[in-house]
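The values are calculated or read from the model by the stated rules, or taken from the named source; none is laboratory data. Computed from a prediction, not measured in an experiment: that's the story for all the values here. Heads up, the Cβs are rebuilt from the backbone with ideal geometry, glycines too, and the neighbour counts pull from every protein chain shown.
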Amino acid sequence: MIPQQHELELRIATAADAAGIWQLLQQAIEKRKQEGSTQWQDGYPNPDVVAKDIENGYGYVCTDETGAVTGYTALIFDGEPAYEALEGKWLTDRPYAVIHRLATATGQKAVKGLGTRIMTAVETVCRQQGIFSIRADTNFDNTGMLRVFEKLGYTYCGEVYFRGAARKAFEKKLDTE
């Protein structure tokens, strides 16, 4: 387990992490199902998505002391085509990073607040890359993710559509210091 007082290590995922990432995403898919959500119940994400994330350098993981993946996100600096059709208005017109597929371990491997800590670590990675805006989206019923966005100061900007479904879109402007 990652103790709360220690700095979170978020590192780029490797091919060796793929099975652990997929296991983690399966837990998240099941959790969304148990919560009655349609999010991630249509065959997405899947192992091919994970493989492409790793291949493109998008995948980031947190691991515990045994090396097991306890947190995952895709951090994309190449933009998101679906965000061009936002029904609403983004806060900025500058380059941005995209957060997709955030998942954290459940059960014995769960670390309270890990999703929030991953999102905060992503901000550091973005600043290091010279990117000072982050965009993300989630289902209307993903209360956990909506709380994280609120807690971390993300602004609701409108709706985007993925695979035919509307999603709430958010942006956060990062300090440049």
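Key figures for this structure:
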quantity	calculated
Residues of the range 55-64 that turn out to be aliphatic (A, V, I, L, M) and exposed (fewer than 13 other Cβ atoms within 10 Å of the Cβ), as a count	0
Any hit, the range 86-109, residues being part of a loop (DSSP other than H, G, I, E, B), of a type in the set (Gly, Ala, Ser) and either on the phi > 0 side of the Ramachandran plot or exposed (fewer than 14 other Cβ atoms within 10 Å of the Cβ) (or both)	no
Top-ranked residue of the range 121-144 - restricted to ones that are part of a strand (DSSP E or B) and either β-branched (Val, Ile, Thr) or farther than 27 Å from residue 12 by Cβ (or both), ranked as modelled with the lowest pLDDT	138
Residue check for residue 144: among the small types (Gly, Ala, Ser) and without any contact (Cβ under 8 Å) to a residue 60 or more places away in the chain	yes
Residue within the range 145-158 that is closer than 20 Å to residue 45 by Cα and in a strand (DSSP E or B) present	no
The one condition in (1) closer than 24 Å to residue 134 by Cβ; (2) surrounded by fewer than 17 Cβ atoms within 10 Å (Cβ to Cβ); (3) among the small types (Gly, Ala, Ser) that residue 13 fails to fulfil	(2)
Residue in the range 110-137 that is surrounded by the most Cβ atoms within 10 Å (Cβ to Cβ), counting only those that are charged (D, E, K, R) and more than 14 Å from residue 77 (Cα to Cα)	137
Residue within the range 150-159 that is out of contact with any Leu (no Cβ under 7 Å at 6 or more places or on another chain) and crowded, with 18+ Cβ neighbours inside 10 Å present	yes
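Quick grid of which residues meet (1) surrounded by 15 or more Cβ atoms within 10 Å (Cβ to Cβ); (2) among the charged types (D, E, K, R); (3) in contact (Cβ under 8 Å) with a residue 24 or more places away in the chain; (4) part of a loop (DSSP other than H, G, I, E, B):
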site: 24; (1), (2), (3), (4): yes, no, yes, no
site: 27; (1), (2), (3), (4): yes, no, yes, no
site: 39; (1), (2), (3), (4): yes, no, yes, yes
site: 43; (1), (2), (3), (4): no, no, no, yes
site: 50; (1), (2), (3), (4): yes, no, yes, no
site: 53; (1), (2), (3), (4): yes, yes, yes, no
site: 66; (1), (2), (3), (4): no, no, no, yes
site: 72; (1), (2), (3), (4): yes, no, yes, no
site: 83; (1), (2), (3), (4): yes, no, yes, no
